[in-house]
Amino acid sequence: MPSRYCTTLDLRLRCKALNAAVVKDEELDGIVVDASGLFLAGVQSVYAESALLASAPWAKKGIIPWRYDQMGREAAETGNTGRGTLGNITVLSTATTELWTLKFTSTSAYTFTGSESGSQGSGSTGADSTSSNSYITVPSSAWGNKTSIQKGDEFYVPVYQYLPAVVSITSWIGVWQAMSDRYAEEIPHASEYAEKYYKKWTDALHKLCKPNDPDGMQLTAVGRDYDEWYSVHGWNPDDEGGDSTPYETTDPFGYSGIS
């Protein structure tokens, strides 16, 4: 199964123009897979894929969906009728990256559905509840304003195997792909979004590929032998020990000129 370093919700949070009224989850999921592959291709000469993993799977707090009209314009502050909130949940060590949807079938009972796991049973605000595959557990104490929750309310819970920086940069790549290619003619100001996020993700990958530079970034411990990497990629130190490698000849992503 292809790796997914972020979820479809991460792209929608970055750019609300990619809302469900305009772009279907299935279409956006394909972009997530492509963006994850592009991220890996950009850093695999420096980091093994295992170095991209967090020490343990983690989750964001519950996110309330937006409501849109048929033109994709935000029609309400929240897509829920009630005013309930969802805090921190517990994630199993073997959980995978996916978007969970908790949908209320009454004012207290809800169902678990994972974007990869599918339907995974039900829970209740009155007790600690666990999905059928045990990937996530929602403590009763995680619910806020639970008495105001209404039937039909939904909460999104993104779960990740990968480091937060990997999630963020992959989502930037995904927005760029969507706005520069797939939906360039359908979404207003798509080219502006594309330009903004192209700079963000290329700058970030450039820095990740030069972790020993003063302005470089490092995920965790570097996953490759640097002496070997330098010899393979022709790393050239300048007089002060900085990197003067001619990336226009060694780098397939064209990082030359990015500072």
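Just so it is clear, none of the values below were taken in a lab; they were calculated from the coordinates. Predicted model only: the values in this text are computed from it and were never measured. Don't worry about glycine lacking a Cβ; one is built from the backbone with ideal geometry, like all the others, and counts go over all protein chains shown.
Points worth noting:
- Each residue in VAL23, VAL91 was given a count of other beta-carbon atoms within 10 angstrom of its own, and listing them fewest first yields VAL91, VAL23.
- Lys-Lys pairs in segment 84-221 that are eight or more residues apart or on separate chains and whose Cα atoms lie under 18 Å of each other come to 6.
- Exposure proxy ranking for PHE104, PHE39, based on other Cβ atoms within 10 angstrom of each Cβ and starting from the fewest, stands as PHE104, PHE39.
- As a rough footprinting exposure proxy, the listed residues THR97, THR111, THR8 were ranked by other beta carbons within 10 Å of their own, and the order from fewest upward is THR111, THR97, THR8.
- With a cut-off of 14 Å between beta carbons, the residues surrounding SER106 carry a summed charge of +1, where Lys and Arg count +1 and Asp and Glu -1.
- Taking every C-alpha pair closer than 8 Å and separated by at least 6 residues, the mean separation divided by the residue count of segment 8-164 gives a relative contact order of 27 percent.
- Modelled FRET efficiency - R0 30 Å, ALA165 with SER141, Cβ distances, 0.05 increments: 0.50
- Potential lengthening of the chain between ALA109 and SER55 amounts to 16.2 nm, from the contour at 0.36 nm per residue minus the alpha-carbon distance.
- Net charge contributed by nearby residues that have their C-beta within less than 15 Å of TYR162 (K/R +1, D/E -1): -2
- Other residues whose C-beta falls under 10 angstrom from the C-beta of ILE63 contribute a net charge of +2, scoring Lys and Arg +1 and Asp and Glu -1.
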